[in-house]
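The values are calculated or read from the model by the stated rules, or taken from the named source; none is laboratory data. It should be emphasised that the depicted structure is a prediction, and the values quoted were computed from it without experimental measurement. Please note: Cβ atoms are built from the backbone with ideal geometry, for glycine as well, and neighbour counts cover all protein chains shown. Heavy atoms of the whole protein, side chains included, go into the accessibility calculation; ligands, DNA and RNA do not. Shrake-Rupley method; radii C 1.70, N 1.55, O 1.52, S 1.80 Å.
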Amino acid sequence: MPGTLYLVATPIGNLADITVRALDVLRSADLIACEDTRHTRKLLDHYQISTKLVSYHEHNEEARALELAKKLEDGSNVAVVSDAGTPGICDPGFKVVTRAIEAGANIIALPGACAFVLAAVSSGLGMDAIYFGGFLPARSGERRRRLAEVADIPATLIFYETPHRIAASLKDCEAALGNRKAAVARELTKLHEETRRGTLAELAAYFEENVPKGEFVVVIERASEDKALPTSEPGHFAARVSELEAEGLDRRAAMRKAAKEFGLQRAEAYRLLQSQKDL
Ligand code: SAM
């Protein structure tokens with residue numbers, strides 16, 4: 001009979017944030033697959049767990065997922081952890097789950113720490129629907145395009161971000177989504193944990209002035225009819241074109257650049273500008 005694949009969440013900053021059940025599973029599994037064996041060994045040593053470890057990370061994910069699936073097929077119970085938080089959430093995990101399903105193994109996910117869930121529930125923004133977008137692209141143009149794609153989703157938007165990109169990223173959020181309310185959670189569960197709330201423009205200005213450290217989650221209010229123009233609104237696109245013209249670009253160049261940022265084809269960009277002229 002195939003074994004069980006356990007997806008075990010580990011702490012994201014405070015070693016005490018692990019459940020009794022997670023510790024039991026880590027202790028009794030035949031094998032623990034983890035991103036960095038030295039990192040996970042520290043957690044296991046803290047709880048006096050001596051289960052065998054094997055590395056499972058982005059560079060060996062595919063091959064290792066097959067090996068783990070074979071072990072599951074042969075009846076072993078395997079626990080998967082990442083360096084922090086829930087495996088599979090912006091961390092390896094997905095491939096071993098798909099291979100384990102193919103191998104007929106039982107898949108059990110254990111509840112535990114996940115940064116975006118903590119940031120979401122403490123943000124003060126609507127929780128009836130949330131969209132988690134992982135990490136935004138590193139480059140500004142791609143980032144704005146990605147944001148334009150999700151701007152109109154009727155849900156609170158959540159992204160992971162790095163300290164060196166947070167200010168630029170918040171600026172792009174404002175440009176692509178409008179000046180919505182937002183919350184930035186930093187260093188959750190750690191000594192310097194804080195959640196800062198304000199508009200996207202206020203938060204961008206704050207993090208530009210106060211060079212940030214640590215790990216970040218950005219939570220952004222959903223689009224609504226009377227706030228934040230959706231990116232498909234002609235007014236919003238035209239405002240960006242005018243902004244670029246004011247920065248010194250001629251109209252054609254401004255339109256090309258804005259169209260790229262908003263992920264629009266040239267014809268669609270012309271149509272939007274034209275429809276604004278006709279208002
Ligand atoms: N698997 C993790 C989870 O369940 O949240 C996410 C891992 S991902 C590689 C790392 C990113 O998660 C960080 O760059 C940050 O955006 C977010 N993150 C992780 N721990 C955090 C913390 N303690 N406070 C704020 N954000 C955190």
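Among the GluC sites (Glu not before Pro) in the range 117-193, those located in a DSSP loop and surrounded by at most 15 other Cβ atoms within 10 Å of their own Cβ are Glu193.
Using only the Cα atoms of the chain, what semi-axes does the equivalent ellipsoid have when each is the square root of 5 times a gyration tensor eigenvalue? Give whole Å, largest first. Display every interim value, and only then the final one.
Working: eigenvalues 370, 88, 47 Å².
Each semi-axis is √(5λ); the values are 43, 21, 15 Å.
Rolling a 1.4 angstrom probe over the protein heavy atoms with all chains in place gives the range 115-224 an accessible area of 45 Å² per residue.
The share of accessible area on the range 10-83 that comes from carbon and sulfur is 47 percent, using a 1.4 angstrom probe. Relative contact order, whole percent, for the chain stands at 18, derived from Cα pairs under 8 Å and 6 or more residues apart. The loop-placed GluC sites (Glu not before Pro) in the range 45-82, going by DSSP, that have at most 11 neighbouring Cβ atoms within 10 Å of their Cβ come out as Glu58. Entry note, the chain: the mean residue ellipticity at 222 nm calculated from DSSP H runs of n ≥ 4, each adding -39500 (n - 2.57), is -13000 deg cm²/dmol after division by the residues and rounding to the nearest 500.
Across the range 1-121, the mean sequence separation of Cα contacts (distance under 8 Å, 6 or more residues apart), normalised by length, yields a relative contact order of 44 percent.
About its Cα centre, how strong a charge dipole does the range 115-224 have in debye, to the nearest 20, once Lys and Arg get +1 and Asp and Glu get -1 at the Cβ? It comes to approximately 160 debye. Net charge dipole, the range 4-109: roughly 240 debye, given to the nearest 20, about the Cα centre with Cβ charges of +1 for Lys and Arg and -1 for Asp and Glu. Per residue, the accessible area of the range 4-109 comes to 50 Å², computed with a 1.4 Å probe over protein heavy atoms only.
Pairs exceeding a 24 Å alpha-carbon distance, out of Lys181/Lys257; Lys213/Lys260; Lys71/Lys95; Lys171/Lys257; Lys95/Lys213: Lys181/Lys257; Lys213/Lys260; Lys95/Lys213. Using only side-chain charges placed at the Cβ, +1 for Lys and Arg and -1 for Asp and Glu, the dipole size of the chain relative to its Cα centre rounds to 400 debye.
Which chymotrypsin sites (Phe, Trp or Tyr not before Pro) in the range 1-109 pass both tests, a DSSP loop state and at most 13 other beta-carbon atoms within 10 Å?
Here the sparse-neighbourhood loop sites are Tyr47.
Between Leu31, Leu5, Leu68, the Cα set farthest toward the positive side of the dipole of the range 4-109 (charges on each charged residue's Cβ, about the Cα centre) is that of Leu31.
In the chain, taking the dipole from charged Cβ atoms about the Cα centre, the farthest positive-side position among Val211, Ala129, Ile158 is held by Val211. Taking every C-alpha pair closer than 8 Å and separated by at least 6 residues, the mean separation divided by the residue count of the range 63-163 gives a relative contact order of 24 percent.
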